[in-house]
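Taken together, the values in this text are just the output of simple stated rules run on the coordinates, not laboratory data. Because the structure is a prediction, the values reported are computed rather than measured. Here Cβ is always computed from backbone atoms with ideal geometry, including for glycine, and neighbour counts include all displayed protein chains.
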Amino acid sequence: MIDDANAPLIRREDRDGVAVVLLNRPRQRNALRYESWTELSAVLNNVIADGSRGVVLAGADGFFCAGGDLKSGPAHGSGPFGPAGRVEHAQRVMEQLKEVPVPTIAAVEGAAVGLGWSLALSCDLVVCASDAFFAAPFVARAVVPDGGLAWRLTQQLGRHRAASLLLRGIRLSAAEAERLGLVTDVVEPGSAVDRALEIANELAQADSGAVEMTKRLINSAESAQLAAFHPLELAMATVAQQRSAATEGRTAFS
Amino acid sequence: MTQLPEGTPELTGCNEILVAVDGPVRIVTLNNPDNANAVNNRMHTAFTRLWTALADDPDARAVMITGTGDYFSAGGNLVEWLETHVNNPVTRRAGMRDARRIVRDMIDFPLPVVAAVNGPAVGFGCSIAVLCDIVLMSDRAYFADTHVASGLVAGDGGSVLWPLLMSLLKAKEYLMLGERIKADKAVELGLANRVVPHAQIKQEGLAIAHRLAALPPRAVQDTKRTLNLHAQRAITGILEYGISAETECFTTPEHRAAIDKFLDR
């Protein structure tokens, strides 16, 4: 069995010039620690530096991601920004992911929950298995959605459906997610990575300059609102974490 | 001039950008003295990692940035430029991507940053200085944004931020004509906070950095963040356009002529 303490939190396997980036804490359902974001950031830098033609982002062992790691919690360091240090770190790395000049495709098996969902939505395309689900159960844990999820869901679904998902934390099925435009391709369980690789290979034939510039246009369409939203999200996350209710909520669910 | 603590390339992995630790203050020194601290491609890439690395330092509370010797930074390195920005579209795109990231990273950087502009700050050097939070200028220093004269759009520099600091008309004047802006004029325009006698510039910068470092960290950092939301909103869309427009200029005969002229010197 893999010794988690020594295994990298993010693993990279290249296939035909496409970087398959795997969240690699399978026994914790690939929950994201602070260090996961640091490693992801480094991997993304390398992906750009060595000229990969695309990125497929997936979870090890057939499960995408359970969200932020509840055991280690969102705090990082003892400084004034400690309580939500991971939130800001995650924001930055997800922005970095959006800036990657080649196509990025999330391949979701199992589920993408909370911050894991935010991460999947930061990719250009989202492929998911037909039995996968999405959920944002932040409020049940007495914290607030992060990774831009409140903004994105409200933007995409309208205020009331977003509120239903965010306040009640209910699960969204793959079919429903596709219908709402939160998933681009639904595939047989177990084949999400393969399908994502197919798409990445198809896109690798396109002119890289046109791809990069088109991605910039897409990013620009939302950058103004996100620029104002991110700091607010961070402030709310800090307040939420400082409330004792947050600690109790976390304990109850971990 | 009082000696500053010795910097090392440990954090940046780049001998030309040194970082020194002085209690809670980190001193960043542009260190390419044979070329007036001009920013070569290696330094440019290191800049894309510098701010994140400094933000991850839990003991840091403020940063000062300055240059080795009597220059702040002469801007880009045109010798390398020909190879990476003019002749090769792939590395050109990568360079512009980095340029975009550096501007954003500086605006997002949580700690207060003091620029001790110890000499000429031109082009990229000028952009970096003005993105800091408090800008001190040696009485021998000047700013100049020379993009236009060399055939480029001032995409990653003045045109993005200057209109927030000075009148739009003045920004146009200095960006289009590319004239030098001496220290006292820079203060008058709003591009710098104050002029300091040359011999004291680094010491004065360090003193202010320590003052900032001693303030309640949360209050000072969130105040910076709040104020920089203005900058963030101001650059949104504009930086993207400016850099795209600048990217298109590298292959023009005018830019080529400007490089040839420089190389002939």
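Amide H contacts for B:Glu179 (H built 1.01 Å from N in the peptide plane; partners 5 or more residues away or on another chain; cut-off under 5 Å): none found.
Out of the DSSP beta bridges found with both residues in chain B, what percent are antiparallel (nearest 5)? Beta bridges within chain B, antiparallel portion: roughly 30 percent.
Peptide A:221-229 has a mean of 3 when you count, residue by residue, the C-beta atoms of other protein chains within 10 Å of its C-beta. Label separation (A:Asp14 vs A:Glu176): 4.1 nm, computed from points 7 Å beyond Cα along the C-beta direction.
Projecting label points 7 angstrom from Cα along Cα→Cβ for B:Asp184 and B:His230 puts them 2.7 nm apart.
For the segment B:228-241, counting C-beta atoms of other chains within 10 Å of every residue's C-beta and taking the mean gives 3.
Rounded to the nearest 0.05, what FRET efficiency do B:Ser167 and B:Thr223 have when you use their Cβ-Cβ distance and R0 = 30 Å?
On the way: r = 25 Å, r/R0 = 0.84.
Step by step, r from the Cβ atoms, then E = 0.75.
Per-residue 3J(HN,Hα) values for the range B:190-205, derived from phi via the Karplus relation 6.51 cos²θ - 1.76 cosθ + 1.60 with θ = phi - 60°, read x, 8, 9, 8, 7, 9, 10, x, 3, 5, 10, 4, 6, 5, 5, x Hz in sequence order (x marks Gly and Pro). Relative to the current alpha-carbon distance between B:Ala53 and B:Gln203, full extension at 0.36 nm per residue lengthens the span by 51.6 nm. For the range B:166-246, a crude dipole built from +1 on the beta carbon of Lys and Arg and -1 on the beta carbon of Asp and Glu, taken about the Cα centre, is about 260 debye to the nearest 20. Please name which of A:Thr154, A:Ala106, A:Ser118 has its Cα lying farthest along the dipole of the range A:10-190 towards the positive end, using unit charges on Cβ (Lys, Arg +1; Asp, Glu -1) and the Cα centre as origin. Checking the options against the dipole of the range A:10-190, the answer is A:Thr154.
Protection proxy ranking of A:230-242, A:213-225, by the mean of other Cβ atoms within 10 Å over each peptide's residues and highest first, is A:230-242, A:213-225. At an R0 of 56 angstrom, the distance between the Cβ atoms of A:Ser72 and B:Met176 translates into a FRET efficiency of 0.60.
GNM remark for chain A: springs join alpha carbons under 10 Å apart, and the peak mean-square fluctuation among A:Arg243, A:Arg12, A:Arg152 falls on A:Arg243. Inter-label distance, B:Glu83 to B:Glu10: 3.1 nm, where each label sits 7 Å from its Cα along the C-beta direction.
Under a point-charge model restricted to the Cβ atoms of Lys and Arg (+1) and Asp and Glu (-1), what is the dipole moment magnitude of chain B relative to its Cα centre, in debye to the nearest 20? Let's see the in-between values first.
Values: 26 positive and 30 negative charges, 104 e Å.
Around 500 debye, computed over chain B.
The dipole here belongs to the protein assembly as shown: it is taken about the Cα centre, uses +1 on the Cβ of Lys and Arg and -1 on the Cβ of Asp and Glu, and is about 1400 debye.
Over the whole of B:99-107, what's the average partner chain Cβ count within 10 Å per residue? Rounded to a whole number, please.
Values: counts 0, 2, 3, 0, 0, 5, 1, 0, 1.
Mean partner-chain Cβ count within 10 Å for B:99-107: 1.
Note on the protein assembly as shown: antiparallel DSSP beta bridges, both residues inside, total approximately 30 percent of the bridges counted.
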